[in-house]
Amino acid sequence: MRQPHNENVNGDGKPGSPSPPPTNNITTILPVAGPSPPGTSDSPFLFTLLDPDVLAENKEHIHDFDRGMQHALWYLKKSANRFVMDKEILSVVNAFKSGVDTHNYVSLARYFWPDHTSPNGLPYVRIDGQVNPEIHTAPDYKAFRQMAKQLQYLSLAYYFFDEETYAKKAVQRIQQWFIEPATRMNPHLHYASLVRGNPRGRGKGIIDFSPLPDVLDSIAILQKSASWKAGLNADLRHWFTLYLDWLTTSPNGIEESNALNNHGTYYDVQKIALNIFLNQTDLAQKASSRAAEIRIASQLRKDGEQYSETARPFSWFYSIYNLRGLFQLCHMAKRVGVDLFAYTSPEQKSVRLALDYLLPSAIDESKWHFNNTGGFSGSKYLVSLLDEAYVVYHHPEYLNARSVIADQYAPRYNISRLILPWSHLGDHSADARVQFGYFTSSSTPSFMFLSFTYICIFLTSVSIILFYNHF
């Protein structure tokens, strides 16, 4: 259902009482969240980024000797237990907004600052590479990302540990964000990346929803749980259909679809993910085939440089960030029969070429000759991409490069091993099994500490489950 909105922000660029409609008197029609219309399909949703066959393979091996898998499972359970106990309501409805529909998502433009040549500093002007801390006063961006992360961890914990408590909490999060009348979000990003002094957000704000595939895959897992409510598929299908319609027809969405940089990449990530999720396979195939030219060939130089990203002050981070989006496009395209990992343009441009371009500088940072005020902390995202690249291309060079940068940049614990195929990663040889047995023997002090930690986590999990179910 759509209703006309004449909402704006005050002339100071801050949400407040509605300011007068634009002088052209054009009413912006924005979708409004609500119950699904009669007849909306309640059919199952499909996985987008995650491969359910890989999840099943990994679940078969959760008790095996793979140390990376065991660490990932430990971290997953530890994090999921914490999220189960989180009583905060994650919602777009908050005190930051007034005068506009509180169910609208609002965020502030990251690199915009007061214009000192203007009497009131408005509208703000762009200073690339300098993050304005005012963005943190708008809580919707952080709330969405917290919600997406919690859904991912809780749904995977439910899947791997077969504990309904995790699903129950995750379903509650889904209902609060998308369904419940008091807290749900309207299905659009019209006010995302708002520049103070302007009446609406920008197309660039659509990238705020880059974690959307994680949300969709979490739903695909949870829909089989006992906590899943009757009719929830229909209500969510209605919400995501409205959002996809806004994404593909609104001025902001059209603007973002034409971007030839990370913004365009993550626009396609969302669009294709929604097409797959909603079982619109033909649309996903068309968008995936189109991405070969406009996202891969058009964004690379012949040597693999991502020229729009290297032009940024945070050139290293944005080069990896865009490459991460390209990998996501490749994974999703594969699910609908389009092999973007194998795509090579007539000029020999490919996703693999873009990755190979970064490797020398990942190993020796002095070889990166672009302006890079943001440093090399973005390499933490390259670690998991190299694991993915090895799974796809089976080239040991990627694991070698990973080992070089992992000690400095890889997080100590993460869950990426749980979504990559067990058979492709880790040492599963007899020697590794013996070594794992040695390190996990009761005579080894490090294992005694690890065993004690696991026992504490197990007892804590039991206590949390009993407490949560009691209330």
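Taken together, the values in this text are just the output of simple stated rules run on the coordinates, not laboratory data. Values in this document were obtained by computation on a predicted structure and should not be read as measured data. Cβ coordinates were reconstructed from backbone atoms using ideal geometry, including for glycine residues, and neighbour counts include every protein chain displayed.
Remarks
- Coil-residue trypsin sites (Lys or Arg not before Pro) of region 141-242, DSSP, other Cβ within 10 Å capped at 13: 224, 229
- Seen from all directions on average, region 35-140 presents a Cα convex hull projection of 13.2 nm².
- Trypsin sites (Lys or Arg not before Pro) restricted to region 78-139 and DSSP loop, no more than 11 other C-beta within 10 Å: 87
- The chain: angle of helix 445-470 to the longest principal axis, Cα-based, in degrees nearest 10: 50 degrees
- Burial order of peptide ranges 114-120, 417-423, 40-46 (average beta-carbon count within 10 Å, highest first): 417-423, 40-46, 114-120
- Length-normalised contact order of the chain in % [C-alpha pairs under 8 Å, at least 6 apart]: 18 percent
- Largest first and in whole Å, the equivalent-ellipsoid semi-axes of region 345-387 read 21, 14, 9, each the square root of five times a Cα gyration tensor eigenvalue.
- Three-way shape label, region 144-186, alpha-carbon gyration tensor, a/c 1.5: oblate
- Cross-link pairs beyond the 23 Å C-alpha cut-off, checked among 271/302; 168/224; 142/367: 271/302; 142/367
- The angle separating the long axis of helix 262-277 from the principal Cα axis of greatest extent in the chain is about 80 degrees.
- Centre-to-centre, using Cα atoms only, region 386-431 and region 53-85 are separated by 16 Å.
- Scattering curve values for the chain, log₁₀ I(q)/I(0), Debye with Cα scatterers, q = 0.08, 0.10, 0.12 Å⁻¹: -0.52, -0.82, -1.18
- Farthest toward positive dipole pole in region 97-232 [+1 Lys/Arg, -1 Asp/Glu at C-beta], among 125, 153, 232: 125
- Compared with the dominant Cα axis of the chain, that is its longest principal axis, helix 281-291 is turned about 90°.
- What the pair-distance distribution of region 183-319 shows, using all Cα-Cα distances binned every 5 Å from zero, is 2, 9, 16, 20, 19, 14, 10, 6, 3, 1, 0 percent.
- Counting only DSSP H runs of at least 4 residues, each contributing -39500 (n - 2.57), and dividing by the residue count of the chain, the helix-based mean residue ellipticity at 222 nm comes to -15500 deg cm²/dmol.
- Near-label residues of region 262-299 by backbone N, under 17 Å of a point 7 Å along Cα→Cβ of residue 347: 262, 291-299
- FRET efficiency for the pair residue 95 and residue 122, taken as 1/(1 + (r/R0)^6) with r the Cβ-Cβ distance and R0 = 22 Å, rounds to 0.45.
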